[in-house]
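Structure first, then comments.
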Amino acid sequence: PTAAQFYTYKHTGMGYGRAGGFDPSNNNFWKDNITHWDQFTFSSPTHIVLSSIFSLDFNPYLYSGMGYTTGGAGLGYASDGYLTGTGASIADNSPLTGYYKQNNWLDIGTTIAFNARLGSHHTVSLGYWFDHDDQTYSLPLSLTRADGSAPNPDNQNYKLYYANGPEANEYTHGGYELNAIFVKDSAKYLHDRLTIDGGFKFVMTRYWYHDKYSTPDGWESSNLGLNSTAPLPQLSIGYKISPDHQVYFNAEGDFRQPSPTNLSINPDTNQMPKNQYVIKEELGYRYQGRIASVDLSLFNYSITNRLLTTYVSNGQSITMNAGNQTSRGVDIMVSGRPIYGFSPYASVEYLDATQDSNIPLEGSYMQTKGHRAVMAPKVMANFGLTYRYKGFFVNGTIHYASSQYTTLARDEKMPGYVTDTLTLGYKIPPFLFVKGSTFPLNFTNLTGSIIRTGLTGFTTNAPRLRLMNGQMSSADTVSPNTYLVEPRFSMTGSLSLDL
(Lines give C-alpha, C1' and ligand atoms only; values in the text may rest on other atoms or scores of the structure.)
Protein backbone atom coordinates (compact mmCIF):
# COMPACT_ATOMS: atom_id res chain seq x y z
CA PRO A 1 0.00 0.00 0.00
CA THR A 2 0.86 3.66 -0.24
CA ALA A 3 0.98 5.65 3.01
CA ALA A 4 -2.63 6.76 2.47
CA GLN A 5 -3.81 3.17 1.82
CA PHE A 6 -1.91 1.97 4.88
CA TYR A 7 -3.60 4.49 7.19
CA THR A 8 -6.99 3.62 5.71
CA TYR A 9 -6.32 -0.01 6.56
CA LYS A 10 -5.01 0.84 10.04
CA HIS A 11 -7.97 3.05 10.97
CA THR A 12 -10.83 1.24 9.21
CA GLY A 13 -9.61 -2.31 8.57
CA MET A 14 -10.17 -1.87 4.83
CA GLY A 15 -6.81 -2.86 3.39
CA TYR A 16 -5.62 -3.15 -0.20
CA GLY A 17 -6.17 -6.69 -1.47
CA ARG A 18 -8.01 -7.70 1.71
CA ALA A 19 -11.74 -7.45 0.95
CA GLY A 20 -13.65 -10.57 1.99
CA GLY A 21 -16.01 -10.41 -0.99
CA PHE A 22 -15.71 -9.64 -4.70
CA ASP A 23 -16.62 -6.17 -5.94
CA PRO A 24 -15.86 -5.69 -9.67
CA SER A 25 -15.70 -1.92 -9.23
CA ASN A 26 -12.46 -1.99 -7.17
CA ASN A 27 -11.06 -5.53 -7.61
CA ASN A 28 -9.94 -5.60 -3.97
CA PHE A 29 -10.90 -9.24 -3.36
CA TRP A 30 -8.22 -11.22 -1.52
CA LYS A 31 -8.48 -14.15 -3.94
CA ASP A 32 -7.21 -11.82 -6.69
CA ASN A 33 -4.19 -10.76 -4.59
CA ILE A 34 -2.21 -13.92 -3.89
CA THR A 35 1.26 -15.38 -4.37
CA HIS A 36 2.50 -18.80 -5.51
CA TRP A 37 6.17 -19.68 -5.11
CA ASP A 38 8.33 -22.82 -5.31
CA GLN A 39 12.07 -23.03 -4.87
CA PHE A 40 14.87 -25.57 -4.64
CA THR A 41 18.36 -25.10 -3.19
CA PHE A 42 21.34 -27.43 -3.07
CA SER A 43 24.90 -27.12 -1.79
CA SER A 44 27.62 -29.62 -1.03
CA PRO A 45 30.63 -28.14 0.81
CA THR A 46 33.54 -30.56 0.70
CA HIS A 47 36.93 -30.43 2.44
CA ILE A 48 39.59 -32.77 1.08
CA VAL A 49 42.83 -33.34 2.99
CA LEU A 50 45.57 -34.03 0.44
CA SER A 51 48.46 -34.23 2.89
CA SER A 52 49.64 -32.74 6.16
CA ILE A 53 50.39 -29.53 4.21
CA PHE A 54 47.86 -29.30 1.38
CA SER A 55 44.05 -29.37 1.36
CA LEU A 56 41.25 -28.52 -1.07
CA ASP A 57 37.85 -26.88 -0.41
CA PHE A 58 35.13 -27.38 -3.01
CA ASN A 59 31.61 -25.93 -2.60
CA PRO A 60 29.16 -26.33 -5.52
CA TYR A 61 25.67 -24.84 -5.14
CA LEU A 62 22.45 -24.52 -7.12
CA TYR A 63 19.29 -22.47 -6.71
CA SER A 64 16.07 -22.48 -8.71
CA GLY A 65 12.76 -20.75 -8.00
CA MET A 66 9.59 -19.85 -9.83
CA GLY A 67 6.14 -18.46 -9.15
CA TYR A 68 3.89 -15.45 -9.56
CA THR A 69 2.04 -12.74 -7.67
CA THR A 70 -1.42 -11.58 -8.76
CA GLY A 71 -3.23 -8.29 -8.33
CA GLY A 72 -6.32 -6.54 -9.60
CA ALA A 73 -5.32 -4.59 -12.71
CA GLY A 74 -8.22 -2.16 -13.02
CA LEU A 75 -10.88 -2.24 -15.73
CA GLY A 76 -10.88 -3.46 -19.32
CA TYR A 77 -10.93 -1.25 -22.41
CA ALA A 78 -13.32 -3.09 -24.69
CA SER A 79 -14.80 0.21 -25.83
CA ASP A 80 -11.44 1.01 -27.43
CA GLY A 81 -11.50 -2.38 -29.12
CA TYR A 82 -7.97 -3.51 -28.36
CA LEU A 83 -8.37 -6.19 -25.65
CA THR A 84 -9.64 -9.61 -26.65
CA GLY A 85 -9.72 -13.04 -25.09
CA THR A 86 -10.18 -16.45 -26.77
CA GLY A 87 -11.06 -14.62 -29.98
CA ALA A 88 -13.87 -12.49 -28.52
CA SER A 89 -13.86 -8.88 -27.33
CA ILE A 90 -13.85 -8.33 -23.58
CA ALA A 91 -16.94 -6.64 -22.21
CA ASP A 92 -16.57 -3.03 -21.13
CA ASN A 93 -15.50 -2.58 -17.47
CA SER A 94 -14.45 -6.23 -17.13
CA PRO A 95 -12.18 -6.73 -14.09
CA LEU A 96 -8.70 -7.84 -15.06
CA THR A 97 -5.86 -9.58 -13.21
CA GLY A 98 -2.25 -8.52 -13.62
CA TYR A 99 0.68 -10.81 -12.80
CA TYR A 100 4.29 -10.47 -11.78
CA LYS A 101 5.64 -13.81 -12.96
CA GLN A 102 9.20 -14.71 -12.00
CA ASN A 103 11.37 -17.63 -13.03
CA ASN A 104 14.83 -17.87 -11.52
CA TRP A 105 15.59 -20.74 -13.83
CA LEU A 106 19.06 -21.37 -12.56
CA ASP A 107 21.67 -19.85 -10.29
CA ILE A 108 24.57 -22.28 -10.31
CA GLY A 109 28.10 -21.82 -9.12
CA THR A 110 31.02 -23.07 -7.12
CA THR A 111 34.01 -21.96 -5.11
CA ILE A 112 37.31 -23.83 -5.19
CA ALA A 113 40.20 -23.08 -2.84
CA PHE A 114 43.62 -24.74 -2.69
CA ASN A 115 45.15 -24.40 0.78
CA ALA A 116 48.75 -24.79 1.86
CA ARG A 117 50.00 -24.74 5.45
CA LEU A 118 53.42 -23.08 5.36
CA GLY A 119 55.15 -23.78 8.62
CA SER A 120 53.55 -23.16 11.99
CA HIS A 121 52.40 -19.59 11.29
CA HIS A 122 50.87 -19.33 7.81
CA THR A 123 48.04 -20.93 5.85
CA VAL A 124 47.80 -19.62 2.28
CA SER A 125 44.78 -20.16 0.02
CA LEU A 126 44.38 -19.59 -3.71
CA GLY A 127 40.84 -19.83 -5.09
CA TYR A 128 38.32 -19.29 -7.84
CA TRP A 129 34.60 -18.40 -7.69
CA PHE A 130 32.17 -18.92 -10.57
CA ASP A 131 28.47 -17.99 -10.61
CA HIS A 132 25.96 -18.13 -13.48
CA ASP A 133 22.51 -16.59 -12.98
CA ASP A 134 19.59 -16.75 -15.41
CA GLN A 135 16.20 -15.10 -14.71
CA THR A 136 13.02 -14.23 -16.57
CA TYR A 137 10.16 -11.95 -15.56
CA SER A 138 6.87 -11.39 -17.31
CA LEU A 139 3.80 -9.21 -16.78
CA PRO A 140 0.86 -11.04 -18.39
CA LEU A 141 -2.75 -9.87 -18.18
CA SER A 142 -5.78 -12.11 -17.77
CA LEU A 143 -9.53 -11.80 -17.41
CA THR A 144 -10.51 -12.22 -13.74
CA ARG A 145 -12.71 -15.24 -13.01
CA ALA A 146 -16.42 -14.61 -12.50
CA ASP A 147 -16.06 -15.34 -8.77
CA GLY A 148 -13.32 -12.68 -8.47
CA SER A 149 -10.40 -15.08 -8.10
CA ALA A 150 -7.21 -15.00 -10.14
CA PRO A 151 -6.78 -17.70 -12.79
CA ASN A 152 -3.44 -19.33 -13.46
CA PRO A 153 -1.50 -16.98 -15.77
CA ASP A 154 -0.99 -19.85 -18.24
CA ASN A 155 -4.71 -20.64 -18.47
CA GLN A 156 -5.54 -20.00 -22.14
CA ASN A 157 -9.23 -19.47 -21.38
CA TYR A 158 -8.44 -16.20 -19.55
CA LYS A 159 -5.40 -14.83 -21.38
CA LEU A 160 -5.78 -11.43 -23.03
CA TYR A 161 -4.55 -10.19 -26.40
CA TYR A 162 -4.52 -6.95 -28.31
CA ALA A 163 -6.92 -6.77 -31.22
CA ASN A 164 -4.12 -7.17 -33.76
CA GLY A 165 -2.83 -10.38 -32.20
CA PRO A 166 0.01 -9.87 -29.66
CA GLU A 167 -0.49 -11.21 -26.17
CA ALA A 168 -0.84 -8.47 -23.54
CA ASN A 169 2.46 -9.12 -21.83
CA GLU A 170 6.03 -8.01 -21.24
CA TYR A 171 8.98 -10.41 -21.10
CA THR A 172 12.30 -9.65 -19.47
CA HIS A 173 15.25 -12.04 -19.67
CA GLY A 174 18.34 -11.13 -17.68
CA GLY A 175 21.31 -12.67 -16.00
CA TYR A 176 24.98 -12.47 -15.31
CA GLU A 177 28.13 -14.55 -15.35
CA LEU A 178 30.61 -13.88 -12.58
CA ASN A 179 34.25 -14.97 -12.42
CA ALA A 180 36.50 -14.15 -9.47
CA ILE A 181 39.96 -15.11 -8.30
CA PHE A 182 41.16 -14.69 -4.74
CA VAL A 183 44.18 -15.23 -2.52
CA LYS A 184 44.40 -15.05 1.26
CA ASP A 185 46.89 -15.64 4.04
CA SER A 186 46.04 -16.54 7.64
CA ALA A 187 48.86 -16.02 10.11
CA LYS A 188 49.17 -16.64 13.86
CA TYR A 189 51.86 -15.36 16.20
CA LEU A 190 52.65 -14.97 19.91
CA HIS A 191 51.29 -18.43 20.77
CA ASP A 192 48.18 -17.79 18.64
CA ARG A 193 47.27 -14.65 20.60
CA LEU A 194 47.79 -12.50 17.48
CA THR A 195 45.81 -13.51 14.37
CA ILE A 196 46.17 -11.74 11.03
CA ASP A 197 44.04 -12.55 7.98
CA GLY A 198 44.70 -10.73 4.73
CA GLY A 199 43.42 -11.31 1.23
CA PHE A 200 42.40 -9.95 -2.11
CA LYS A 201 39.58 -10.88 -4.48
CA PHE A 202 39.04 -9.58 -8.00
CA VAL A 203 35.52 -9.97 -9.43
CA MET A 204 34.59 -9.74 -13.13
CA THR A 205 30.90 -9.75 -14.11
CA ARG A 206 29.11 -9.75 -17.46
CA TYR A 207 25.40 -8.80 -17.40
CA TRP A 208 22.72 -9.13 -20.05
CA TYR A 209 19.17 -7.80 -20.28
CA HIS A 210 16.56 -8.41 -23.01
CA ASP A 211 13.12 -6.81 -22.79
CA LYS A 212 10.24 -7.62 -25.14
CA TYR A 213 6.83 -6.03 -24.66
CA SER A 214 3.61 -5.90 -26.62
CA THR A 215 1.65 -2.80 -27.61
CA PRO A 216 -1.54 -2.33 -29.64
CA ASP A 217 0.79 -1.78 -32.62
CA GLY A 218 2.84 -4.97 -32.14
CA TRP A 219 5.94 -6.14 -30.32
CA GLU A 220 8.83 -3.89 -29.29
CA SER A 221 12.11 -4.84 -27.66
CA SER A 222 15.28 -3.46 -26.10
CA ASN A 223 18.66 -4.97 -25.19
CA LEU A 224 21.26 -3.82 -22.69
CA GLY A 225 24.60 -5.22 -21.61
CA LEU A 226 27.21 -4.32 -19.05
CA ASN A 227 30.67 -5.49 -17.97
CA SER A 228 32.05 -4.59 -14.57
CA THR A 229 34.96 -5.33 -12.25
CA ALA A 230 35.43 -4.97 -8.49
CA PRO A 231 38.70 -5.18 -6.50
CA LEU A 232 38.04 -6.44 -2.97
CA PRO A 233 40.89 -6.22 -0.43
CA GLN A 234 40.45 -7.50 3.11
CA LEU A 235 42.43 -7.28 6.36
CA SER A 236 41.47 -8.62 9.78
CA ILE A 237 43.62 -8.40 12.93
CA GLY A 238 42.74 -9.85 16.31
CA TYR A 239 44.76 -9.81 19.53
CA LYS A 240 43.89 -11.67 22.75
CA ILE A 241 44.95 -9.53 25.70
CA SER A 242 43.97 -12.46 27.95
CA PRO A 243 41.82 -15.58 27.49
CA ASP A 244 38.70 -13.45 28.19
CA HIS A 245 39.61 -10.16 26.48
CA GLN A 246 40.27 -9.45 22.80
CA VAL A 247 40.61 -6.39 20.57
CA TYR A 248 40.15 -6.55 16.80
CA PHE A 249 40.29 -4.47 13.63
CA ASN A 250 38.67 -5.25 10.28
CA ALA A 251 38.94 -3.44 6.96
CA GLU A 252 37.61 -4.53 3.59
CA GLY A 253 36.26 -3.50 0.22
CA ASP A 254 32.82 -4.82 -0.69
CA PHE A 255 30.45 -4.40 -3.60
CA ARG A 256 26.86 -4.90 -4.69
CA GLN A 257 25.93 -5.35 -8.33
CA PRO A 258 22.67 -4.14 -9.94
CA SER A 259 19.96 -6.71 -10.61
CA PRO A 260 20.32 -7.84 -14.24
CA THR A 261 16.54 -7.91 -14.77
CA ASN A 262 16.23 -4.29 -13.66
CA LEU A 263 18.94 -2.76 -15.80
CA SER A 264 17.86 0.50 -17.35
CA ILE A 265 19.21 3.85 -18.46
CA ASN A 266 18.60 6.62 -15.92
CA PRO A 267 16.82 9.44 -17.78
CA ASP A 268 18.55 12.04 -15.59
CA THR A 269 22.11 10.76 -16.20
CA ASN A 270 21.69 8.79 -19.45
CA GLN A 271 23.76 6.02 -17.87
CA MET A 272 23.23 2.46 -16.69
CA PRO A 273 23.81 1.77 -12.97
CA LYS A 274 27.32 1.07 -11.76
CA ASN A 275 28.37 -1.34 -9.01
CA GLN A 276 27.91 -0.04 -5.50
CA TYR A 277 31.28 -0.09 -3.75
CA VAL A 278 31.90 0.12 0.00
CA ILE A 279 35.06 0.57 2.05
CA LYS A 280 34.46 -0.71 5.59
CA GLU A 281 36.47 -0.20 8.77
CA GLU A 282 35.61 -1.69 12.14
CA LEU A 283 37.39 -1.41 15.50
CA GLY A 284 36.15 -3.50 18.38
CA TYR A 285 36.55 -5.10 21.79
CA ARG A 286 35.25 -8.53 22.78
CA TYR A 287 34.87 -10.08 26.22
CA GLN A 288 34.02 -13.76 26.68
CA GLY A 289 33.67 -14.54 30.35
CA ARG A 290 32.12 -17.20 32.52
CA ILE A 291 28.82 -15.34 32.93
CA ALA A 292 28.43 -13.21 29.79
CA SER A 293 29.89 -12.22 26.44
CA VAL A 294 30.17 -8.58 25.37
CA ASP A 295 31.07 -7.12 21.98
CA LEU A 296 31.59 -3.39 21.38
CA SER A 297 32.51 -2.12 17.92
CA LEU A 298 32.88 1.21 16.12
CA PHE A 299 32.30 1.15 12.35
CA ASN A 300 32.68 3.45 9.37
CA TYR A 301 31.37 2.70 5.85
CA SER A 302 32.21 4.85 2.83
CA ILE A 303 29.73 4.01 0.08
CA THR A 304 30.23 4.98 -3.57
CA ASN A 305 27.40 4.80 -6.15
CA ARG A 306 24.80 3.54 -3.69
CA LEU A 307 22.23 1.39 -5.51
CA LEU A 308 18.55 2.12 -4.88
CA THR A 309 15.35 1.11 -6.64
CA THR A 310 13.23 4.17 -7.38
CA TYR A 311 9.92 4.94 -9.05
CA VAL A 312 10.18 7.36 -11.96
CA SER A 313 6.66 7.66 -13.43
CA ASN A 314 3.43 5.73 -13.91
CA GLY A 315 4.51 3.01 -11.52
CA GLN A 316 7.69 2.23 -13.48
CA SER A 317 10.85 1.64 -11.47
CA ILE A 318 14.56 1.67 -12.23
CA THR A 319 17.72 0.86 -10.32
CA MET A 320 19.82 3.99 -9.96
CA ASN A 321 23.03 5.14 -8.32
CA ALA A 322 22.01 7.54 -5.54
CA GLY A 323 25.40 9.19 -5.13
CA ASN A 324 27.83 8.59 -2.28
CA GLN A 325 27.08 7.99 1.37
CA THR A 326 28.90 7.77 4.70
CA SER A 327 27.58 5.51 7.46
CA ARG A 328 29.22 5.35 10.86
CA GLY A 329 28.13 4.30 14.31
CA VAL A 330 28.52 1.96 17.24
CA ASP A 331 27.29 -1.59 17.96
CA ILE A 332 26.92 -3.10 21.43
CA MET A 333 25.98 -6.76 21.92
CA VAL A 334 25.60 -8.63 25.22
CA SER A 335 24.68 -12.28 25.67
CA GLY A 336 24.45 -14.26 28.89
CA ARG A 337 25.69 -17.78 29.47
CA PRO A 338 22.93 -20.33 30.16
CA ILE A 339 21.60 -20.21 33.71
CA TYR A 340 19.13 -22.99 34.47
CA GLY A 341 18.60 -23.22 30.71
CA PHE A 342 17.92 -19.49 30.19
CA SER A 343 20.16 -17.36 27.95
CA PRO A 344 19.40 -13.61 27.52
CA TYR A 345 20.60 -11.50 24.58
CA ALA A 346 20.55 -7.79 23.77
CA SER A 347 22.04 -5.54 21.09
CA VAL A 348 21.84 -1.83 20.31
CA GLU A 349 23.14 0.09 17.32
CA TYR A 350 23.44 3.83 16.77
CA LEU A 351 23.74 4.76 13.08
CA ASP A 352 24.70 8.11 11.57
CA ALA A 353 24.18 7.82 7.80
CA THR A 354 24.48 10.91 5.59
CA GLN A 355 24.22 11.54 1.88
CA ASP A 356 27.47 12.94 0.43
CA SER A 357 26.19 13.92 -3.05
CA ASN A 358 23.46 15.94 -4.73
CA ILE A 359 21.23 13.79 -6.96
CA PRO A 360 20.51 14.55 -10.66
CA LEU A 361 16.82 15.27 -11.32
CA GLU A 362 15.02 16.68 -14.37
CA GLY A 363 18.06 18.30 -15.96
CA SER A 364 19.35 19.78 -12.70
CA TYR A 365 20.15 18.52 -9.18
CA MET A 366 18.15 18.18 -5.99
CA GLN A 367 19.80 19.27 -2.74
CA THR A 368 20.59 16.03 -0.90
CA LYS A 369 24.20 16.50 0.24
CA GLY A 370 24.27 16.39 4.04
CA HIS A 371 20.77 14.84 4.27
CA ARG A 372 20.17 11.77 6.36
CA ALA A 373 20.18 8.70 4.09
CA VAL A 374 16.94 6.96 3.16
CA MET A 375 15.96 3.81 5.09
CA ALA A 376 18.60 4.47 7.76
CA PRO A 377 17.15 4.39 11.31
CA LYS A 378 19.25 6.18 13.92
CA VAL A 379 18.67 3.46 16.51
CA MET A 380 18.05 -0.27 16.23
CA ALA A 381 17.75 -2.63 19.17
CA ASN A 382 17.12 -6.34 19.72
CA PHE A 383 16.24 -8.19 22.90
CA GLY A 384 15.91 -11.94 23.19
CA LEU A 385 15.63 -14.82 25.63
CA THR A 386 16.29 -18.49 24.90
CA TYR A 387 15.41 -21.50 27.04
CA ARG A 388 16.70 -25.01 26.39
CA TYR A 389 15.78 -28.24 28.11
CA LYS A 390 17.21 -31.43 26.66
CA GLY A 391 16.01 -31.38 23.02
CA PHE A 392 13.38 -28.68 23.50
CA PHE A 393 14.06 -24.99 22.93
CA VAL A 394 12.10 -21.72 23.12
CA ASN A 395 13.29 -18.36 21.80
CA GLY A 396 11.54 -15.00 22.01
CA THR A 397 12.82 -11.77 20.41
CA ILE A 398 11.79 -8.12 20.19
CA HIS A 399 13.19 -5.80 17.51
CA TYR A 400 12.99 -2.00 17.48
CA ALA A 401 13.86 0.40 14.65
CA SER A 402 13.48 4.18 14.87
CA SER A 403 11.92 6.35 12.17
CA GLN A 404 13.36 6.42 8.64
CA TYR A 405 13.13 8.81 5.70
CA THR A 406 11.62 7.25 2.59
CA THR A 407 12.45 9.97 0.04
CA LEU A 408 15.80 11.53 -0.84
CA ALA A 409 14.26 14.97 -0.27
CA ARG A 410 13.31 14.02 3.34
CA ASP A 411 9.68 15.00 2.73
CA GLU A 412 8.21 11.62 3.69
CA LYS A 413 9.05 9.50 6.71
CA MET A 414 8.13 6.05 8.02
CA PRO A 415 7.67 6.02 11.83
CA GLY A 416 9.59 3.73 14.15
CA TYR A 417 8.21 0.27 14.83
CA VAL A 418 8.52 -2.78 17.07
CA THR A 419 8.25 -6.41 15.93
CA ASP A 420 8.24 -9.63 17.95
CA THR A 421 8.81 -13.32 17.24
CA LEU A 422 8.55 -16.58 19.16
CA THR A 423 10.08 -19.94 18.22
CA LEU A 424 9.17 -23.29 19.78
CA GLY A 425 11.12 -26.33 18.67
CA TYR A 426 12.60 -29.73 19.30
CA LYS A 427 15.96 -31.08 18.21
CA ILE A 428 15.50 -34.78 17.38
CA PRO A 429 18.42 -37.07 18.33
CA PRO A 430 20.25 -38.99 15.55
CA PHE A 431 18.54 -42.07 14.19
CA LEU A 432 19.32 -44.51 11.37
CA PHE A 433 21.30 -42.57 8.72
CA VAL A 434 20.08 -39.15 9.97
CA LYS A 435 22.75 -37.32 11.98
CA GLY A 436 20.21 -34.94 13.45
CA SER A 437 17.00 -33.06 12.71
CA THR A 438 15.19 -29.98 13.97
CA PHE A 439 11.49 -29.16 14.02
CA PRO A 440 10.75 -25.47 14.85
CA LEU A 441 7.48 -23.55 14.88
CA ASN A 442 7.90 -19.81 14.25
CA PHE A 443 5.32 -17.23 15.34
CA THR A 444 5.57 -13.59 14.22
CA ASN A 445 3.72 -10.43 15.30
CA LEU A 446 2.17 -11.98 18.37
CA THR A 447 0.57 -8.65 19.31
CA GLY A 448 -1.07 -8.16 15.88
CA SER A 449 0.51 -4.74 15.34
CA ILE A 450 -0.41 -2.82 12.17
CA ILE A 451 2.94 -1.37 11.13
CA ARG A 452 5.11 -0.64 8.11
CA THR A 453 8.54 -2.26 8.16
CA GLY A 454 10.08 -1.33 4.80
CA LEU A 455 9.83 0.02 1.26
CA THR A 456 9.28 -1.73 -2.07
CA GLY A 457 11.14 1.17 -3.68
CA PHE A 458 11.77 4.79 -2.76
CA THR A 459 11.00 8.04 -4.58
CA THR A 460 13.19 11.10 -4.97
CA ASN A 461 10.54 13.47 -3.60
CA ALA A 462 6.86 13.49 -2.59
CA PRO A 463 5.55 17.06 -3.25
CA ARG A 464 7.19 19.42 -5.73
CA LEU A 465 10.53 20.87 -4.69
CA ARG A 466 12.88 23.58 -5.90
CA LEU A 467 15.87 22.24 -7.81
CA MET A 468 19.35 23.70 -7.58
CA ASN A 469 18.85 25.60 -10.87
CA GLY A 470 15.95 27.46 -9.28
CA GLN A 471 13.21 25.58 -11.18
CA MET A 472 10.42 23.60 -9.55
CA SER A 473 10.27 19.85 -10.06
CA SER A 474 7.19 18.21 -11.56
CA ALA A 475 5.62 16.17 -8.77
CA ASP A 476 2.83 14.86 -11.00
CA THR A 477 5.25 12.36 -12.61
CA VAL A 478 6.33 10.85 -9.30
CA SER A 479 4.60 7.70 -8.06
CA PRO A 480 3.97 7.58 -4.30
CA ASN A 481 6.05 5.29 -2.13
CA THR A 482 4.62 1.84 -1.50
CA TYR A 483 5.42 0.03 1.74
CA LEU A 484 5.84 -3.41 3.22
CA VAL A 485 3.28 -4.10 5.95
CA GLU A 486 3.95 -6.59 8.74
CA PRO A 487 1.41 -9.46 8.62
CA ARG A 488 -0.99 -9.30 11.57
CA PHE A 489 -0.01 -12.79 12.76
CA SER A 490 1.68 -15.73 11.10
CA MET A 491 2.89 -19.19 12.02
CA THR A 492 5.27 -21.34 10.00
CA GLY A 493 6.77 -24.74 10.66
CA SER A 494 9.73 -26.51 9.10
CA LEU A 495 11.63 -29.77 9.35
CA SER A 496 15.34 -30.01 8.55
CA LEU A 497 17.42 -33.18 8.33
CA ASP A 498 21.19 -33.41 8.58
CA LEU A 499 22.31 -36.47 6.63
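The values are calculated or read from the model by the stated rules, or taken from the named source; none is laboratory data. Because the structure is a prediction, the values reported are computed rather than measured. Counting neighbours? That spans all protein chains shown, and the Cβs are built from the backbone with ideal geometry, glycine included. The accessibility values were calculated without ligands, DNA or RNA, using every heavy atom of the protein model including side chains. Shrake-Rupley method; radii C 1.70, N 1.55, O 1.52, S 1.80 Å.
Residue 133: accessible area at probe 1.4 Å, nearest 10 Å²?
10 Å²
What is the gain in length, in nm to one decimal, between residue 402 and residue 266 on full extension, counting 0.36 nm per residue of separation less the C-alpha to C-alpha distance? Walk me through the numbers on the way to the answer.
On the way: separation 136, 0.36 × 136 = 48.96 nm, distance 3.13 nm.
Result: 45.8 nm gained on full extension.
Which stretch or stretches of the stretch 231-256 have amide N atoms under 18 Å from the point lying 7 Å from residue 193's Cα along the Cα→Cβ direction?
237-249
Figure the gain on full extension for residue 245 and residue 424 (residue separation times 0.36 nm, minus the Cα-Cα span) and round it to one decimal in nm. If you can, show how the numbers build up before the last one.
On the way: separation 179, 0.36 × 179 = 64.44 nm, distance 3.38 nm.
Roughly 61.1 nm would be gained on extension.
For a quick check of understanding: with a 1.4 angstrom probe and all protein chains in place, what accessible area in square angstrom does residue 417 have, to the nearest ten?
Solvent-accessible area, nearest 10 Å²: 30 Å².
Whole number in Å², please: accessible area per residue of the stretch 5-79, 1.4 Å probe, ligands, DNA and RNA not counted.
I get 63 Å² per residue for the stretch 5-79.
Computing the accessible area with a 1.4 Å probe over protein heavy atoms, can you report the carbon and sulfur percentage for the chain?
Of all accessible area on the chain, carbon and sulfur atoms account for 59 percent.
With every protein chain kept in the model, how would you rank 443, 202, 458 by accessible area, 1.4 Å probe, largest at the top?
Largest accessible area first, the residues go 202, 443, 458.
For helix 3-12, report the angle its Cα long axis makes with the longest principal axis of the Cα atoms of the chain; keep it between 0 and 90° and round to the nearest 10°.
Tilt relative to the chain: about 90 degrees.
Given R₀ = 56 Å, FRET efficiency for residue 298-residue 37 by Cβ-Cβ distance, to 0.05?
0.90
For the stretch 259-298, state which trypsin sites (Lys or Arg not before Pro) are in a DSSP loop and have at most 16 other beta carbons lying within 10 Å of their beta carbon. Write out the running numbers ahead of the final one.
Numbers: sites: 274, 280, 286, 290; in loops: 274, 290.
In loop regions of the stretch 259-298 (DSSP not H, G, I, E or B), the sparsely surrounded trypsin sites (Lys or Arg not before Pro) are 274, 290.
Under a 1.4 angstrom probe, counting protein chains only, how are 408, 385, 143 ranked by accessible area, largest first?
Largest accessible area first, the list is 385, 143, 408.
Using a 1.4 Å probe, what is the accessible area per residue for the stretch 395-499, in Å²?
For the stretch 395-499, the solvent-accessible area averages 53 Å² per residue.
Amide H of residue 94 versus every other amide H placed in the peptide plane: which residues, excluding those fewer than 5 positions away on the same chain, fall under 5 Å?
For residue 94, the qualifying residues are 76, 78.
Just how much of residue 37 is accessible, in Å², when a 1.4 Å probe is used and the result is rounded to the nearest 10?
100 Å²
Which peptide among 149-157, 433-441, 371-379 comes first, and what is the full order, when sorted by highest mean count of other Cβ atoms within 10 Å?
371-379, 149-157, 433-441
Once label points are set 7 Å from the Cα along Cα→Cβ at both residue 8 and residue 468, what is their separation, rounded to one decimal in nm?
Going by the 7 Å Cα→Cβ label model, 3.8 nm.
Give me the one-decimal nm value for the distance between modelled label points at residue 237 and residue 388, 7 Å along each residue's Cα-to-Cβ direction.
About 3.5 nm separates the two model spin labels.
Express in nm, to one decimal, how much length is gained between residue 346 and residue 378 on full extension, taking 0.36 nm for each residue of separation and deducting their alpha carbon distance. Kindly include the intermediate steps, with their values, before the conclusion.
Details: separation 32, 0.36 × 32 = 11.52 nm, distance 1.71 nm.
Full extension of this stretch gives 9.8 nm more.
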